[in-house]
Amino acid sequence: MDFDIRNLDLYVMGQKTSPIGFRTGITLGWQSTWFASKAKYGDFLVEDQKIRQYVDRRFNRSMPKGAVAKVEIVRTRNEVKVTLHSARPGIVIGPRGGEVDRLREELEELTDQKMAVNVIEIKEPELNATLVAEAIAEQLSKRASFRRTMKQHCESAMNSGAKGVKIICSGRLAGSEMARTETQKLGSIPLHTLDANVDYAVATSKTTYGTIGVKVWIYKGKFGEETEQAPRRRRRPPTKRTNTGRRARVVTKAVPAQDSQSDTKTDVVAPSTEADTKEQTTTEQNSSQAESG
């Protein structure tokens, strides 16, 4: 069968493709940037794969996890520049940059070339498809409810400013005998629009009853448009009323307000009791008898 590029849509129509590879070179940049001859192309390709696998084992598969979502490799004539995009740059860098120096030395031993390592922080991990897929896979491996997990991550991504989220989990969900596929979707995801910034990632959850595949699509809007984060409402903690507070309020209401400007002092007269009145009458009678005598 002869292949005609003019009828390319007949061959690819209805087929699924990766949103990252579909946009690479058009609206997205390459994750590996270098040029090599035919003799060195295969060696460089294998080295890139070794670097990515080593970084993934070092920071994503062992504790403490550095949450490295993407590794960019740029080769020059003298050295290889590796850029790590991480949601936890403090763990990747380490105290006083010790982890980065150790990583650079280990990569130099792995590739026998001079390395330069840079770390870039991911400010919104809820909008990164790789981190969301890895988080879902980790929770499923801990026997969490897949429906609740998928719904929570969809809502957190939409609250962070995403315009559309789709999550698909496939496998023996909840330990069922027959494998099935569950989908959770919010918003819209234009997969055929090259101008749409759609992030995509795949992760695998290894459970005791089999492996579960996780796919995540996150639509952030068109390229060049910044995602606006929706304002979150903060709930105020309920105020606890104590008895001392109530008594204090009653006392302040009973005491009249005094004028701070007036310096006059008023004498307080105590109320008279029955004993005081009797004593007063007896003293008045004795004084009158003495005067008459």
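The values are calculated or read from the model by the stated rules, or taken from the named source; none is laboratory data. Just so it is clear, the model here is predicted, and its values are computed rather than measured. Here Cβ is always computed from backbone atoms with ideal geometry, including for glycine, and neighbour counts include all displayed protein chains.
The set of residues in segment 24-58 that are closer than 20 Å to Arg104 by Cα and in contact (Cβ under 8 Å) with a residue 24 or more places away in the chain comprises Gln31, Ser32, Thr33, Trp34, Phe44, Glu47, Asp48, Lys50, Ile51, Tyr54, Val55, Arg58.
Against the numbered list (1) surrounded by fewer than 18 Cβ atoms within 10 Å (Cβ to Cβ); (2) of a type in the set (D, E, K, R); (3) in contact with a helix residue (DSSP H, G or I) (Cβ under 8 Å, 6 or more places away or on another chain), Glu108 comes up short only at (3). Got at least one residue in segment 143-162 being over 14 Å from Lys185 (Cα atoms) and among the aliphatic types (A, V, I, L, M)? Yes: one or more hits. Do the conditions hold for Leu127, that is, is it buried (at least 20 other Cβ atoms within 10 Å of the Cβ) and over 27 Å from Glu225 (Cβ atoms)? So Leu127 fails the test.
Annotation: Glu121 fulfils all but one of (1) surrounded by 16 or more Cβ atoms within 10 Å (Cβ to Cβ); (2) in contact with a Pro (Cβ under 8 Å, 6 or more places away or on another chain); the unmet one is (1).
Among residues of segment 59-72 that are over 16 Å from Gln49 (Cα atoms), those with a Cβ under 8 angstrom from a residue that is among the hydrophobic types (A, V, I, L, M, F, W, C) and part of a loop (DSSP other than H, G, I, E, B), sequence gap 6+ or separate chain, pair up as Ala67/Ala87; Ala67/Ile122. Kindly check whether there is at least one residue in segment 244-255 that is farther than 23 Å from Ala69 by Cβ, modelled with pLDDT under 80 and among the hydroxyl-bearing types (Ser, Thr, Tyr). There is at least one residue in segment 244-255 that is farther than 23 Å from Ala69 by Cβ, modelled with pLDDT under 80 and among the hydroxyl-bearing types (Ser, Thr, Tyr).
If we keep just the residues of segment 24-60 that are out of contact with any Phe, Trp or Tyr (no Cβ under 7 Å at 6 or more places or on another chain) and assigned to a strand (DSSP E or B), which is nearest to Glu72 (Cα to Cα)? Within segment 24-60, the match that is nearest to Glu72 (Cα to Cα) is Ser32. Residue count for segment 91-112 under the criterion of being among the acidic types (Asp, Glu) and in contact with a Gly (Cβ under 9 Å, 6 or more places away or on another chain): the result is 2. Take Gly98 and decide whether it is small (Gly, Ala, Ser), without any contact (Cβ under 8 Å) to a residue 12 or more places away in the chain and either assigned to a helix (DSSP H, G or I) or not assigned by TED's automatic domain parsing to the domain that holds Lys50 (or both). Yes, satisfied.
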